[in-house]
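The values are calculated or read from the model by the stated rules, or taken from the named source; none is laboratory data. Everything quoted here is computed from the prediction, not taken from an experiment. Cβ coordinates were reconstructed from backbone atoms using ideal geometry, including for glycine residues, and neighbour counts include every protein chain displayed. Accessible surface areas use protein heavy atoms only, side chains included; no ligands, DNA or RNA. Shrake-Rupley method; radii C 1.70, N 1.55, O 1.52, S 1.80 Å.
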Amino acid sequence: MGADEAEVFGVQSRNLTLELRRRNVESISESVLRGLGLRAVIKGGVGFSSTSDLGRLDDVAEAAVSAARIFGPDRLWKGLPGKSQIFPVAGVFDRRIAEVQTETLLGISEELLRGCGAVDGVEPVSGGISCTHSLEILINSSGVDLSEEGTSVHLALETIARGSSGVATGSEFDNSRSFSVNARAVGEKAADLARRSLDGISIETNTYDVVLSPVAFAELLESTFIPSLSAENVQKGRSALAGMLGKSTADPRLQMIDDGALPAGMGSSAFDGEGVPSQRNVILEDGILGSYLYDTYTAGKEGRSSTGNSVRSGYSDMPRIGVRNLIISSKEPVDLLEGVREGVLVNSVIGAHTANPISGDFSVEARNAFRIRAGEIAEPVRSAMIAGNIFDLLKHMDVGREARAVGPIVTPGVRVRMRVVC
């Protein structure tokens with residue numbers, strides 16, 4: 001139909017999901033998804049179309065080519081990536097998940113509820129388990145011809161505790177590329193958090209040492225710092241990190257790596273959303289900014305190679321720039337509670353999506369927050385907001401020792417000085 005280049009991204013997946021409502025299984029569902037997305041390129045103009053009906057491939061091709069003509073030429077387009085050597089990534093496929101049946105999910109749900117039941121005075125509210133097995137293919141007219149299978153399991157539980165002065169909630173989750181999750185521990189942690197959050201106190205508005213859990217810190221990073229790493233945002237003047245390569249932008253102890261080939265990583269695969277081999281990119285070393293995140297198009301604009309950071313949310317969406325497995329660590333990790341005379345522990349936040357991704361400013365609600373007294377976790381805090389700027393916080397930050405995966409972000413908790421509004 002006249003296209004200069006073309007690329008097909010296909011997905012076939014099976015998802016088995018169990019949903020809990022209180023102590024009962026509300027539903028068990030199995031879904032199978034199959035579809036193709038097509039990018040057509042004419043003189044650098046890119047058109048896209050997709051379908052789950054494989055009998056309409058001619059219509060998809062026509063729509064993609066028409067969209068490319070409407071988009072018009074783009075002289076900055078350097079072409080789709082060509083064939084490269086691809087190395088398999090360990091730990092991204094577990095046959096037990098691929099072949100999982102309903103009985104296994106029922107057993108996991110029983111463990112979730114058993115963990116919750118181990119904490120007196122707490123009831124489950126909702127939760128569930130989801131197991132996914134997918135096959136992805138990527139073929140383009142420049143010689144790329146790739147396929148990969150992957151699996152994942154996700155489980156979560158929301159709980160509620162009732163006390164003399166009201167109620168409190170708590171939640172916990174786990175995710176893995178294999179059946180290495182501990183459902184009983186998830187249920188018990190969710191229940192324990194709800195119980196400990198009862199009878200919250202009020203504290204004075206002030207600047208405190210604030211300990212952000214891995215979940216809270218990851219939620220802030222996702223809406224503030226991570227968008228600033230995108231080469232597209234840098235090139236369009238929408239990043240506070242523009243012009244900062246090779247300069248100190250964070251605490252000199254801070255290390256940050258994005259690794260698309262991390263064994264068993266939630267964002268790991270042998271290749272990115274365009275067929276570029278996954279790789280390890282040093283974002284921060286000794287607090288110095290080492291790289292932005294590139295896809296093929298943004299890399300071509302600067303005459304460099306993609307960093308393998310093209311990601312896709314499905315066959316029906318265009319690829320975009322994103323992190324693969326963003327790993328945060330420190331050369332001098334610390335005990336985050338040690339030495340804190342007066343502080344606040346924040347387990348998660350609400351409203352991180354309202355942060356300004358350009359300036360890095362945020363003001364969010366602290367969820368399941370606790371007072372820290374003399375290095376010990378003390379009373380729960382009834383209500384609090386935390387506010388600050390992510391780029392300022394990164395320059396003076398203590399990083400903890402124990403990391404956990406929060407989606408594609410692998411991080412310990414951190415300690416910062418921050419305004420707490422109560």
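The set of residues from segment 234-268 being without any contact (Cβ under 8 Å) to a residue 12 or more places away in the chain and either closer than 21 Å to Ser313 by Cα or not aliphatic (A, V, I, L, M) (or both) comprises Lys236, Gly237, Gly243.
With a requirement of 2 or more residues that are over 29 Å from Leu393 (Cα atoms) and open to solvent by less than 30 Å² (accessible area, probe 1.4 Å), the strands (runs of 3 or more DSSP E) lying completely within segment 124-214 that satisfy it span 145-163, 166-176. Within segment 394-422, being closer than 29 Å to Ile201 by Cβ, touching a helix residue (DSSP H, G or I) at 6+ places or on another chain (Cβ under 9 Å) and in a strand (DSSP E or B) holds for Arg404, Val406, Thr411, Val414, Val416, Arg417, Met418. Checking segment 250-262 against the condition returns a match, with at least one residue being surrounded by fewer than 22 Cβ atoms within 10 Å (Cβ to Cβ), assigned to a loop (DSSP other than H, G, I, E, B), in contact with a strand residue (DSSP E or B) (Cβ under 7 Å, 6 or more places away or on another chain) and not aliphatic (A, V, I, L, M). Does segment 269-276 contain at least one residue that is within 18 Å of the chain's Cα centre (by Cα), crowded, with 17+ Cβ neighbours inside 10 Å and free of Cβ contacts under 8 Å to residues at least 40 places away in the same chain? No, segment 269-276 contains no residue that is within 18 Å of the chain's Cα centre (by Cα), crowded, with 17+ Cβ neighbours inside 10 Å and free of Cβ contacts under 8 Å to residues at least 40 places away in the same chain. Here is the figure for segment 335-390: residues that are in a strand (DSSP E or B), in contact (Cβ under 8 Å) with a residue 24 or more places away in the chain and among the β-branched types (Val, Ile, Thr) total 8. Among the residues of segment 24-79, those that are assigned to a helix (DSSP H, G or I), of a type in the set (Val, Ile, Thr) and surrounded by 16 or more Cβ atoms within 10 Å (Cβ to Cβ) comprise Val60, Val65. For segment 283-326, a residue qualifies if it is over 20 Å from Val399 (Cβ atoms), open to solvent by 60 Å² or more (accessible area, probe 1.4 Å) and not polar (S, T, N, Q), and the qualifying residues are Tyr297, Lys301, Glu302, Gly303, Arg304, Asp317, Met318, Arg320. State whether one or more residues within segment 86-98 are more than 19 Å from Ser176 (Cα to Cα) and not small (Gly, Ala, Ser). Yes: segment 86-98 contains one or more residues that are more than 19 Å from Ser176 (Cα to Cα) and not small (Gly, Ala, Ser).
The listed residues are Ser278, Ser268, Ser316, Ser306, and the only one of them that is closer than 20 Å to Ser228 by Cβ and small (Gly, Ala, Ser) turns out to be Ser306. No other residue among Glu103, Glu136, Glu62 is out of contact with any helix residue (DSSP H, G or I) (no Cβ under 9 Å at 6 or more places or on another chain), without any contact (Cβ under 8 Å) to a residue 24 or more places away in the chain and charged (D, E, K, R) apart from Glu103.
How many residues are part of a strand (DSSP E or B) and either more than 14 Å from Leu112 (Cβ to Cβ) or out of contact with any helix residue (DSSP H, G or I) (no Cβ under 7 Å at 6 or more places or on another chain) (or both) when one looks only at segment 1-23? Number of matching residues: 15. Being open to solvent by 60 Å² or more (accessible area, probe 1.4 Å), aliphatic (A, V, I, L, M) and not in a strand (DSSP E or B) is a description that does not apply to Met266.
Of the residues examined, Ile86 is not one that is of a type outside the set (D, E, K, R), modelled with pLDDT of 95 or more and under 30 Å from Glu110 (Cβ atoms).
Candidates Ser306, Ser313: the one that is under 20 Å from Gly265 (Cβ atoms) and without any contact (Cβ under 8 Å) to a residue 12 or more places away in the chain is Ser313. Here segment 162-181 is the region considered, the condition is being at pLDDT 95 or above and out of contact with any Leu (no Cβ under 8 Å at 6 or more places or on another chain), and the residue that is farthest from Glu99 (Cα to Cα) is Thr169.
From the list Asn356, Asn325, Asn368, the one residue that fits, being among the polar types (S, T, N, Q) and on the phi > 0 side of the Ramachandran plot, is Asn368.
Quick check: is even one residue across segment 218-227 closer than 30 Å to Asn389 by Cβ, in contact with a strand residue (DSSP E or B) (Cβ under 9 Å, 6 or more places away or on another chain) and not in a helix (DSSP H, G or I)? Yes, segment 218-227 has at least one match.
Figure legend. Inter-residue proximity from segment 146-167: first residues free of Cβ contacts under 8 Å to residues at least 24 places away in the same chain and under 30 Å from Val276 (Cβ atoms), second residues among the charged types (D, E, K, R) and open to solvent by 40 Å² or more (accessible area, probe 1.4 Å), beta-carbon distance below 7 Å, spacing 6+ or different chains. Indicated pairs: Ser147/Glu136.
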